[in-house]
Amino acid sequence: MKKMLVLLFVFAVISASAHAAIQVKLTVVSNTLYGKISVVNKTTNQQVLTCPGTTPCNISLSAGTKVKISTDVQTVPFSFAQWAPVSGSAAACQNLTPPAGLFNVVPCEFTITQDSSATAKYVETFHLRVAGATGSGPGTIRVKDGHVTKIECTKTLPQGECSSRFLIDSNITIENVPGPNQQFGGYATKTGSAQACTSSTCKFVLKADTIVFSNFVQIP
């Protein structure tokens, strides 16, 4: 009986050692040169890989290692969208939702048990600038992305300018709100995706860096 127990113990130790010795490969890559991915071995809390750009990077890890992959926080003019495509143990990252806002660190954690891969997909962003034109009266230029107000720009003298970056294909609405005894007097400058703007409220899909300078004039 003792011998059997000893043999079982030895077998268990050998099996555990053999399992721990199994190496699997993790491959990570970005879909843009602006992207950068870091890989952390959560088992040892050590960063084991940094992968910039569009050339795939590989690392061998022991099966059962806890892994965290994350994207770089600043990737102007691109912003992280999702982990796709993914395979193997990295499939846990497939439905990860990025936090609100642009240029956030987007980590994904999983236990790697087989050869796996993950691509960090980034999408382009564009710069939108709005302001009251020099010499115009007081007013506010409001910028909405969908139904969410992202910029509230109040005209100050001689010129107040506000700006932010937005994802490509954002549905932008420009609203011009005249100040006291003022009315909307047209656009002094409109470039990029806003070139077709004519009315006080203008909607367009953002496809390029864009500038909108609005005039507010005194009511006669």
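The values are calculated or read from the model by the stated rules, or taken from the named source; none is laboratory data. For clarity, every value in this text was computed on a predicted model and none was experimentally measured. Cβ atoms come from the backbone with ideal geometry, glycine included; neighbour counts cover every protein chain shown.
Observations, loosely collected:
- The one condition from (1) under 17 Å from T125 (Cα atoms); (2) out of contact with any Asp or Glu (no Cβ under 7 Å at 6 or more places or on another chain) that A196 does not meet is (1).
- Residues located in the stretch 176-202, provided they are outside any helix (DSSP H, G or I) and on the phi > 0 side of the Ramachandran plot: N181, G186
- Odd one out for I112, checked against (1) of a type in the set (V, I, T); (2) surrounded by 15 or more Cβ atoms within 10 Å (Cβ to Cβ); (3) within 19 Å of the chain's Cα centre (by Cα): (3)
- Residues in the stretch 152-164 that are surrounded by 15 or more Cβ atoms within 10 Å (Cβ to Cβ) and either at pLDDT 95 or above or part of a loop (DSSP other than H, G, I, E, B) (or both): K155, G160.
- Residue that is modelled with the lowest pLDDT [pool: residues in the stretch 203-219 that are among the hydrophobic types (A, V, I, L, M, F, W, C) and not in a strand (DSSP E or B)]: I219
- Criterion (surrounded by 13 or more Cβ atoms within 10 Å (Cβ to Cβ), out of contact with any Phe, Trp or Tyr (no Cβ under 9 Å at 6 or more places or on another chain) and among the hydrophobic types (A, V, I, L, M, F, W, C)) met by exactly one of V48, V105: V48
- Across the stretch 31-55, the qualifying residues are those that are free of Cβ contacts under 8 Å to residues at least 60 places away in the same chain and in a loop (DSSP other than H, G, I, E, B), and the one among them that is nearest to A92 (Cα to Cα) is T43.
- T65 vs. criteria free of Cβ contacts under 8 Å to residues at least 12 places away in the same chain and more than 30 Å from K150 (Cα to Cα): no
- Residue satisfying condition, being crowded, with 20+ Cβ neighbours inside 10 Å, in the same structural domain as T210 (by TED's automatic domain parsing), out of contact with any helix residue (DSSP H, G or I) (no Cβ under 9 Å at 6 or more places or on another chain) and not aliphatic (A, V, I, L, M), within set P178, P138: P178
- Any hit, the stretch 35-56, residues being in contact with a Lys or Arg (Cβ under 8 Å, 6 or more places away or on another chain) and among the small types (G, A, S): yes
- Within the option set V143, V123, V130, V106, being of a type outside the set (D, E, K, R) and part of a loop (DSSP other than H, G, I, E, B) holds for one residue only, V106.
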